[in-house]
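Read the structure below first, then the notes.
The values are calculated or read from the model by the stated rules, or taken from the named source; none is laboratory data. All values derive from a computational prediction rather than experimental measurement. With ideal geometry, Cβ positions are generated from the backbone for all residues, glycine too; neighbour counts draw on all protein chains shown. The accessibility values were calculated without ligands, DNA or RNA, using every heavy atom of the protein model including side chains. Shrake-Rupley method; radii C 1.70, N 1.55, O 1.52, S 1.80 Å.
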Amino acid sequence: MRIGIVGTDNSHVDQIVRHLNVDGAGGDARVVALSGGRGRRNDALAATGGIAEIVDGPAELLGLVDAVVVADRDGAHHRDQAIPFLAEGLPVFVDKPLARTVEDARALIDTARAHDAPLTSSSALRWIPGTDALAARSIAGGKPELVVVSGPADPAGDHGGIFFYGIHAVDIALRLAPGEISGVRTDITDTTVVASFTAGDTRVVVNLVKPGSTDQIPFHAMTFTRESMAQQTLVPGADYCVPGLEAFLEMVRTGRPPIGYGDLLRPIEVLETVATALREAPAGARP
């Protein structure tokens, strides 16, 4: 399985190259080509992973690879980067977030469907052992009435503002709370952005806290039924991207996306509403 990567500045790419090319832990899967041209970053990745092909633009990967990872850190670029591969029927993993608008997310999903090209996207934290454990405990307790997830996110940060880190907490929350999104409300203080909404019949609250100058709060999630509560602090390990990568490789082999396309859209629906509220908030109210 020949993998190409678009957007190599992301540190997730280091984990992918190490897991597949250095450790050989992905079966027959190897990163064989990088997009973005020659430079210190791509040359270093190529040397580490024994990657022979470095091309200038994403389209030049066509014919060289069997599947593609789009890892650009800014979701605003993902539509243009991923669609040429989906249009050729190639499996594509778009690293978080899928997009920064519902319009772009729908275009990606529609192209995937039209060309029978498997597509997936997620926060790496959706798949880590702590999230798996909490999801299992939550299911055992019955359908949650309330889900509360907290984590860091900087509305003014590079690479798409609230989308760049906010996708982690929102994606975790929506793994725990299935169903159609409605009634998104955004409350803003100097240091926090709180998104509250309903997913199906479950009330969801996502607390996004601006990181401090030297540290940030941990990710944490809780689920509540009328009779029980389950909670977990979610700590990414050294190879936290690997479970999501393995889900992508399984999709390439089977043609079955690990996340339904409706569920790919839901976090973008929430975050686009939050981003709009942040843009429209009075200057003094923005974090």
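Values as computed for the structure displayed
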item	result
Top-ranked residue of region 74-94 - restricted to ones that are touching a Ser or Thr at 6+ places or on another chain (Cβ under 9 Å) and open to solvent by 10 Å² or more (accessible area, probe 1.4 Å), ranked as farthest from R41 (Cα to Cα)	A87
Residue ID - surrounded by the fewest Cβ atoms within 10 Å (Cβ to Cβ), chosen from residues in region 26-53 that are closer than 24 Å to G75 by Cα and polar (S, T, N, Q)	N42
Criterion: crowded, with 23+ Cβ neighbours inside 10 Å and either of a type in the set (A, V, I, L, M, F, W, C) or more than 30 Å from G237 (Cα to Cα) (or both) - qualifying residue of V68, V102	V68
Residue within region 222-242 that is within 21 Å of S121 (Cα to Cα) and assigned to a helix (DSSP H, G or I) present	yes
Test: residue in region 129-142 that is surrounded by fewer than 24 Cβ atoms within 10 Å (Cβ to Cβ) and in a loop (DSSP other than H, G, I, E, B)	yes
Flag if A140 is aliphatic (A, V, I, L, M) and outside the structural domain of N207 (by the TED database)	no
Unmet criterion (only one of (1) out of contact with any Pro (no Cβ under 8 Å at 6 or more places or on another chain); (2) within 23 Å of R256 (Cα to Cα)) for V6	(1)
Boolean, D23 is surrounded by fewer than 20 Cβ atoms within 10 Å (Cβ to Cβ), among the charged types (D, E, K, R) and within 24 Å of E250 (Cβ to Cβ)	yes
Pair list, Cβ < 6 Å and 6+ apart or interchain, from region 171-184 residues that are in the same structural domain as K143 (by the TED database) and at negative phi to residues that are part of a loop (DSSP other than H, G, I, E, B) and open to solvent by 10 Å² or more (accessible area, probe 1.4 Å)	P178/G200
Selection from region 245-259 of residues that are open to solvent by 10 Å² or more (accessible area, probe 1.4 Å) and not aliphatic (A, V, I, L, M)	E246, E250, R253, T254, G255, R256, P257, P258
Selected residue (only one of A199, A230, A156 is aliphatic (A, V, I, L, M) and open to solvent by less than 10 Å² (accessible area, probe 1.4 Å))	A199
Count - residues of region 105-125 that are under 23 Å from L245 (Cβ atoms) and open to solvent by less than 30 Å² (accessible area, probe 1.4 Å)	14
Failed item in (1) touching a Leu at 6+ places or on another chain (Cβ under 7 Å); (2) at pLDDT 95 or above, with P258 passing the rest	(1)
Residues located in region 178-221, provided they are part of a loop (DSSP other than H, G, I, E, B) and closer than 23 Å to P155 by Cβ	T189, D190, T191, K210, P211, G212, S213, T214, D215, Q216, I217, P218
Residues that are surrounded by fewer than 21 Cβ atoms within 10 Å (Cβ to Cβ) and over 11 Å from R100 (Cα atoms), drawn from region 260-275	G260, Y261, G262, D263
